[in-house]
1. Can you work out ³J(HN,Hα) from phi for every residue in region 105-112, in order, using Karplus 6.51 cos²θ - 1.76 cosθ + 1.60 and θ = phi - 60°, giving whole Hz and x for Gly and Pro?
2. Show that you can apply the helix-only estimate: for the chain, add -39,500 (n - 2.57) for every DSSP H stretch of four or more residues, divide by all residues, and state [θ] at 222 nm to the nearest 500.
3. Region 28-61 to region 68-87: how many Å between their Cα centroids?
4. Kindly state, as a whole number, the per residue volume in cubic angstrom of the convex hull around the alpha carbon atoms of region 41-97.
5. Percentage of Cα-Cα pair distances in region 67-127 greater than 15 Å, rounded to whole percent?
6. Could you grab the relative contact order for the chain? Cα pairs under 8 Å, six or more apart, rounded to a whole percent.
7. Give me the three principal axis extents of the chain from the C-alpha atoms, as integers in angstrom, largest value leading.
8. Multiply the residue separation of R23 and R82 by 0.36 nm, subtract the distance between their alpha-carbon atoms, and state the gained length in nm to one decimal.
Amino acid sequence: MTPPRPLDRLRALCLALPEATERISHGEPSWFVRKAPQFVSYADRHHDDRVAFWAAAPAGAQQDWIDRDPDRFFHPPYVGGRGWIGVYLDVGPDGTPSEDDWRDIEDIVEDAYRTVAPATLVARLDGETR
């Protein structure tokens with residue numbers, strides 16, 4: 001069985017979050033909390049020759065990820081100045097993220113959602129009711 005493409009796996013992570021939606025923004029699949037705000041954007045060679053995604057991030061997280069592994073994480077154009085993190089998806093020996101990479105990606109996507117979602121949806125994500 002062929003593993004899912006990175007875009008398909010990223011899409012599944014994003015759409016599993018409460019009231020997440022997908023639409024094309026700037027020519028790329030992007031994910032939003034309801035209609036706005038945006039929390040993740042796919043980048044298929046959007047500004048370079050790499051496949052990646054860009055994600056909203058809590059204060060300080062961007063530099064922390066880049067310091068951990070500058071070959072996987074980067075300061076994306078346009079939104080990097082607002083603290084967003086870029087994550088390369090064309091890594092690993094077969095050109096796709098490893099399972100360890102996907103655990104990091106899951107954390108980054110959830111943090112991106114938490115960074116922009118209203119408290120009621122974050123509470124739903126945490127299994128609380130408000």
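1. With the stated coefficients, region 105-112 comes to 4, 4, 4, 5, 5, 5, 4, 4 Hz.
2. Details: 4 runs with 43 residues, N = 130.
Result for the chain, helices only: -10000 deg cm²/dmol.
3. Their Cα centres are 10 Å away from one another.
4. Cα-based convex hull of region 41-97, divided per residue, equals 73 Å³.
5. On the way: 1083 of 1830 pairs.
Summing the P(r) tail past 15 Å for region 67-127 gives 59 percent.
6. Here the relative contact order equals 22 percent.
7. 45, 39, 29
8. Between R23 and R82, full extension yields 19.1 nm more.
Each value in this text was obtained by applying a stated rule to the coordinates, not by laboratory testing. The structure presented is a predicted model; accordingly, all values stated were derived computationally and were not measured. Counting neighbours? That spans all protein chains shown, and the Cβs are built from the backbone with ideal geometry, glycine included.
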